[in-house]
Amino acid sequence: MIFSANLGFLWTDRPFLERLVAARAAGFTMVEFHDQAQQVGPEAVRDALGDLKVVGLNARMGETSGVAAMPGREAEARADIAEAIAAARTVGAGAIHVVSGLADDPDRHSRLAERLAEASAEAPELTFLVEPLCRQARPGYAVASVEEAAEVIRLAGVPNVKIMFDCYHVQRQSGDVLARFREHFDDIGHVQIAGGLTRQEPDRGELNYAFLLPAFVEAGYTGPIGCEYTPATTVEAGLSWRDAFTAPAGSPASL
């Protein structure tokens, strides 16, 4: 399994470009992040990457965690997505998470779907991700469940719009993580992990990744696994969880 360091959550005690250095030193070969590339400049990120590969990045987040589903913010959403596309192309990212924002009106999903369809037409080479955020973590977010995300994808009607399947959010909002993964597998574009309830290291809390991740692979998932968790102390002190999935077969750390 290949793990991608989410630099929106990991090494947040240091400037963003230094997080790239830390990720490389910790043995990661792939990274993903929020909207930091737009903040510090995508060219600066590209120059600092070295041999790191960028899995994906977010459109601009702001105080509302995006605006793409919010009424009256359509022009802003289009500008944010265009900025994210330019950043993704500069740093070599393959995916953009189009953050939905806070909205509870009946048209929020169709509004988000329209922005995603426009984005798909503008950048057909990229994958555009819809992530459900659980009510406990982000009250009022426009997409809370995997089922809502699947409905947005249906409304968008384009092949390169997919679900960001964050196991932490799925468990908190709905439960039945593996069943939902299997049911929506064809629509899943990326997987993220964190400890169940704790949102700390993946070996803490209610989610059993020693069971889940091999089951995801068995279902056909071949992409990287995004590590979007809050370290209990330092990132390095908590990385022993990764050994069970990356150690050579037959070694003491392997499953």
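The values are calculated or read from the model by the stated rules, or taken from the named source; none is laboratory data. Treat the numbers as computed from the prediction; the structure is a model and nothing was measured. Neighbour counts run over all protein chains shown; Cβ positions are idealised from the backbone, glycine included. Accessible surface is based on the protein model in full, side chains and every heavy atom, while ligands, DNA and RNA are left aside. Shrake-Rupley method; radii C 1.70, N 1.55, O 1.52, S 1.80 Å.
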### Summary
Rounded to the nearest 0.05, FRET efficiency between Glu147 and Ala215 (Cβ-Cβ, R0 30 Å) equals 0.90
### Message
Let's see if you can work this out: charge +1 on each Lys and Arg Cβ, -1 on each Asp and Glu Cβ, no other charges. What is the dipole magnitude of the chain about its Cα centre, in debye to the nearest 20?
### Response
300
### Solution diffusion estimate, µm²/s, Stokes-Einstein, region 161-202, Kirkwood Rh from C-alpha pairs, 25 °C, viscosity 0.890 mPa s
235
### Task
Round to a whole angstrom and tell me the spacing of the C-alpha centers of region 8-35 and region 101-131.
27
## Note on the structure
Expressed per residue, the solvent accessible area of region 21-178 in Å² (1.4 Å probe) is about 38
### Summary
Evaluated at 20 °C and 1.002 mPa s, the Stokes-Einstein D of region 57-111 based on the Kirkwood radius over Cα pairs, in µm²/s, stands at 189
### Message
For region 35-142, take every pair of Cα atoms, bin their distances at 10 Å starting from 0, and report each bin as a whole percent.
### Response
16, 47, 29, 8, 0
#### Entry: Range in the chain, longest, excluding exposed GluC sites (Glu not before Pro) [loop by DSSP; at most 15 other beta-carbon atoms within 10 Å]
126-205
### Inter-label distance for Asp203 and Ala82, nm, one decimal - labels placed 7 Å from Cα along Cα-to-Cβ
4.8
### Task
Give me the percent of the accessible area of the chain that comes from carbon and sulfur atoms, probe 1.4 Å, all protein chains in place.
51
### Long-range Cα-Cα pairs in the chain (distance over 36 Å), rounded percent
8
### Query
How high is the FRET efficiency from Ser240 to Arg182, r the C-beta distance, R0 35 Å, rounded to 0.05?
0.75
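How much length is gained if the chain between Glu125 and Thr233 is pulled fully straight, taking 0.36 nm per residue apart and subtracting their Cα-Cα distance, in nm to one decimal?
Computed gain between Glu125 and Thr233 is 35.0 nm.
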